[in-house]
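Asks: Could you have a look at this structure, given as structure tokens, before my questions?
The values are calculated or read from the model by the stated rules, or taken from the named source; none is laboratory data. The model shown is predicted, which means the values in this text are computed figures rather than measured ones. For neighbour counting, all protein chains shown are included, and Cβ atoms are generated from backbone atoms with ideal geometry for every residue, glycine included. Remember, those area values only see protein heavy atoms, side chains included, never the ligands or the DNA or RNA. Shrake-Rupley method; radii C 1.70, N 1.55, O 1.52, S 1.80 Å.
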Amino acid sequence: MSGVKLYEYWRSSAAYRLRIALNLKAIDYESEVVNIAPGADEQFGDAYKTLNPQMRVPSIEVDGQVAGQSMAILEWIEETWAAPALLPADPWKRLKVRGFADVIACDIHPLNNLSVLAKLGSDFSASKDAVGEWYRDWIIRGFTALEAMVAESDLNSALLFGDEPTLAEVCLVPQMYNARRFDTPLDAFPRLVDADAKCREIDAFKRAAPDAVKPD
């Protein structure tokens, strides 16, 4: 394997997930910025469309081959670099971790994606305040489910499913960043808030944070 290149944008939560995972596993990678900010829209250019027909970030390139979709890439990272493990050894716990992560990646995040928010404004005349309400509503629905999912997990463990970060925390921390950006009330989610705070003290999470990688 000659090297790993990550096509990303600093504020993309899906790219944020991959930065965390790559850092946790101490994988060296090259960052290639694709500016998806409205008005820049580099993801729609022919150069990037050739790499990723879905025209979304992130994508990962290895030995000249490119693939998209952050959750699939996270699974590939886990399969390619076994340690430290981001999934528990026990099959049932692995299922619980994957289920937690997928609530974020499959239920919350797609409804709050940049393209969806733009569509609400351009095609349905949603105001900025209305878009914010939409955003917070889907986060609160998802976080309510997530808080219940971990309510009976080991309260003596440092994080959600044990003492070390898993795919659950890899997906949670970027979503918590988004929640704070949109002023989402978080008092009802103490387990999520606690796990997020603890993870953000870990070096691999610190180095992956949007403010740490934001271009000058």
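Asks: Taking the stated definitions as given, is S31 of a type outside the set (A, V, I, L, M, F, W, C), touching an Asp or Glu at 6+ places or on another chain (Cβ under 8 Å) and in contact (Cβ under 8 Å) with a residue 40 or more places away in the chain?
Replies: Against the criterion (of a type outside the set (A, V, I, L, M, F, W, C), touching an Asp or Glu at 6+ places or on another chain (Cβ under 8 Å) and in contact (Cβ under 8 Å) with a residue 40 or more places away in the chain), S31 qualifies.
Asks: Within the set of pairs 6 or more residues apart or between chains, which connect a residue that is more than 20 Å from A145 (Cβ to Cβ) inside segment 184-209 to a residue that is of a type in the set (S, T, Y) and surrounded by 11 or more Cβ atoms within 10 Å (Cβ to Cβ) with Cβ atoms less than 8 Å apart?
Replies: Note: pairs meeting the criteria are A208/Y16; A209/Y16; A209/Y177.
Asks: Something else about it: Looking only at residues in segment 176-188 that are in contact with a Leu (Cβ under 9 Å, 6 or more places away or on another chain) and assigned to a helix (DSSP H, G or I), which one is farthest from A72 (Cα to Cα)?
Replies: R180
Asks: Checking the structure you have, find out if any residue of segment 100-111 is open to solvent by less than 30 Å² (accessible area, probe 1.4 Å), over 17 Å from P174 (Cβ atoms), in contact (Cβ under 8 Å) with a residue 24 or more places away in the chain and of a type outside the set (A, V, I, L, M).
Replies: No.
Asks: Scanning segment 151-188 for residues that are among the hydrophobic types (A, V, I, L, M, F, W, C), over 24 Å from M71 (Cα atoms) and modelled with pLDDT of 95 or more, which turns out surrounded by the fewest Cβ atoms within 10 Å (Cβ to Cβ)?
Replies: This residue is A188.
Asks: While we're looking at this one, here's another question. Could you list, in sequence order, all residues of segment 74-93 that are outside any helix (DSSP H, G or I) and not charged (D, E, K, R)?
Replies: W81, A82, A83, P84, A85, L86, L87, P88, A89
Asks: Separate question: How many residues are part of a strand (DSSP E or B) and among the hydrophobic types (A, V, I, L, M, F, W, C) when one looks only at segment 21-50?
Replies: 1
Asks: For segment 51-65, how many residues are in a strand (DSSP E or B) and open to solvent by less than 50 Å² (accessible area, probe 1.4 Å)?
Replies: Qualifying residue count, segment 51-65: 4.
Asks: Related question: Might you check whether a residue that is of a type in the set (D, E, K, R), out of contact with any Asp or Glu (no Cβ under 8 Å at 6 or more places or on another chain) and in contact (Cβ under 8 Å) with a residue 40 or more places away in the chain occurs anywhere in segment 119-132?
Replies: no
Asks: For residues in segment 189-213 being in a loop (DSSP other than H, G, I, E, B) and in contact with a Lys or Arg (Cβ under 8 Å, 6 or more places away or on another chain), which is most open to solvent (accessible area, probe 1.4 Å)?
Replies: Among those residues, the one meeting the criterion is R200.
Asks: Inspect all residues belonging to segment 9-26 and state whether any of them is among the aliphatic types (A, V, I, L, M), open to solvent by 80 Å² or more (accessible area, probe 1.4 Å) and modelled with pLDDT of 95 or more.
Replies: Among the residues of segment 9-26, at least one is among the aliphatic types (A, V, I, L, M), open to solvent by 80 Å² or more (accessible area, probe 1.4 Å) and modelled with pLDDT of 95 or more, which makes the answer yes.
Asks: A follow-up question, please. Restricting to segment 38-50, give me the number of residues that are open to solvent by 40 Å² or more (accessible area, probe 1.4 Å) and at negative phi.
Replies: Summing the residues that are open to solvent by 40 Å² or more (accessible area, probe 1.4 Å) and at negative phi in segment 38-50 gives 8.
Asks: So, one more: Take A130 and tell me if it is surrounded by fewer than 14 Cβ atoms within 10 Å (Cβ to Cβ), assigned to a helix (DSSP H, G or I) and touching a helix residue (DSSP H, G or I) at 6+ places or on another chain (Cβ under 8 Å).
Replies: It is true that A130 is surrounded by fewer than 14 Cβ atoms within 10 Å (Cβ to Cβ), assigned to a helix (DSSP H, G or I) and touching a helix residue (DSSP H, G or I) at 6+ places or on another chain (Cβ under 8 Å).
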